């Protein structure tokens, strides 16, 4: 069996051959191997502590919003601690909001005074994040908002906090050509000054929006084609998400779970489900609508079972610390991933159909069944009969017994040993030709979601 595992590792899938992916972008193999990423929303909105869109939700003008800039001081920020805790929780890559819609830069940009090095904090947070996460072996991602509600050339539209301020709009008519030049310059800084960046995550195009007195912005406003060309010239190995309005890159559904795999032209799409822990991406002190750790773990499993990644978000507070509720959830994820990460990393959707209230993930000849609810004693899996060499619980590697091909006729075997007579599971159902009958302990393992690992027969032997 050990030799089979070695051979299975040697037969790594080349994801690029089976996925729809731009030829000019970097190879996404690492992304689809890692499967679990950490999203970090941090900025001036962390001080306001009531949603990352607080500037526009409450129509706080540019001048009024400056109070958060003046009082921003994440004195307890420790990039190494963030990176260590991320790695321990099982994350393989991270994406930090280098600049959100509010226009505030977390790095020492040379193109704006509205930056973290001009606050009481005075340090380049992007630099510290990149160095710390890289040291822990995590891939480096940077989020960059295409919107900028602070910049004077950014044309006011229905999302802008000054949308009802006629005086502001008269004095700021907007110049999207000048803004695009500025924005491209900031992206160039991020992809030039901080070494290798593995993933750049843009947010977002919205040309379909029409508020009557204004319309949304898209690829022409951002000059996305030339922006994309610049990115790949600076970072040839980088991957890019799909929000430049070009119809390509990593798919990024947020706060939503796909019902099926994502495909285009007969090939799978590279995608990640973006999920928050409560209803806000940024730190929101009074938002108590938290997802349970069980829900988050099931969302991760469900996503991988459909061939996707999961990008799970946290919002550190204004002092740069991760709050206790977030830490508790991450701690539960850590406990589960420590025992079950094999069923996530490098896995994808399976050809086999999982039973009700369960999900399959697969990596080569290793098939993982995640049981969202624990059945009583028996589990029937159609299509898997004759395929299995061995089965075990992943949490403790204890053997799981099964019957395939033979013994599924429904005929009850007679025993002179009455202990066997009363303890064996006797099945009278009718089965499909290739059914697998799994016998489970009555007691559910003490883990959030139990996983059965099926090692499939090597068909090449």
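Just so it is clear, none of the values below were taken in a lab; they were calculated from the coordinates. The structure displayed is predicted, hence computed values, not measured ones. Cβ placement follows ideal geometry from the backbone for every residue including glycine, while neighbour counts extend to all protein chains displayed.
Observations on the model:
- With the convex hull constructed from alpha-carbon coordinates only, the range 66-219 shows a mean projected area of 10.2 nm² over all directions.
- Averaging the Cα positions of each part gives two centres, and for the range 100-121 and the range 177-201 these lie 14 Å apart.
- Theoretical ellipticity at 222 nm over the chain - DSSP helices of four or more residues, -39500 (n - 2.57) apiece, nearest 500: -8000 deg cm²/dmol
- Exposure proxy order (Cβ contacts within 10 Å, fewest to most) of 117, 303: 117, 303
- Relative exposure of 100, 397, judged by other C-beta atoms within 10 Å (fewest first): 397, 100
- Cα centroid separation, the range 31-59 to the range 323-347 (Å): 21
- Theoretical gain in end-to-end length, residue 214 to residue 351 [0.36 nm per residue, Cα-Cα removed]: 44.6 nm
- Based on Cα contacts under 8 Å between residues 6+ apart, the chain shows a relative contact order of 17 percent.
- Beta bridges assigned by DSSP with both partners in the chain are antiparallel in approximately 50 percent of cases.
- Diffusion coefficient (Stokes-Einstein, Kirkwood radius over C-alpha pairs, 20 °C, 1.002 mPa s) for the range 15-343: 106 µm²/s, rounded to a whole number.
- Taken over the C-alpha atoms, the range 137-224 has Rg and Dmax values of 14.9, 50 angstrom.
- Short-range pairs are left out: with C-alpha atoms under 8 Å and at least six residues apart, the relative contact order of the range 101-168 is 29 percent.
- Equivalent-ellipsoid semi-axes of the range 220-310, from the Cα gyration tensor, Å, largest first: 28, 19, 11
- Shape category assigned to the range 98-148 from the gyration tensor of Cα positions, a/c cut at 1.5: oblate
- For the range 171-278, diffusion coefficient by Stokes-Einstein and Kirkwood Rh (Cα), 20 °C, 1.002 mPa s, µm²/s: 135
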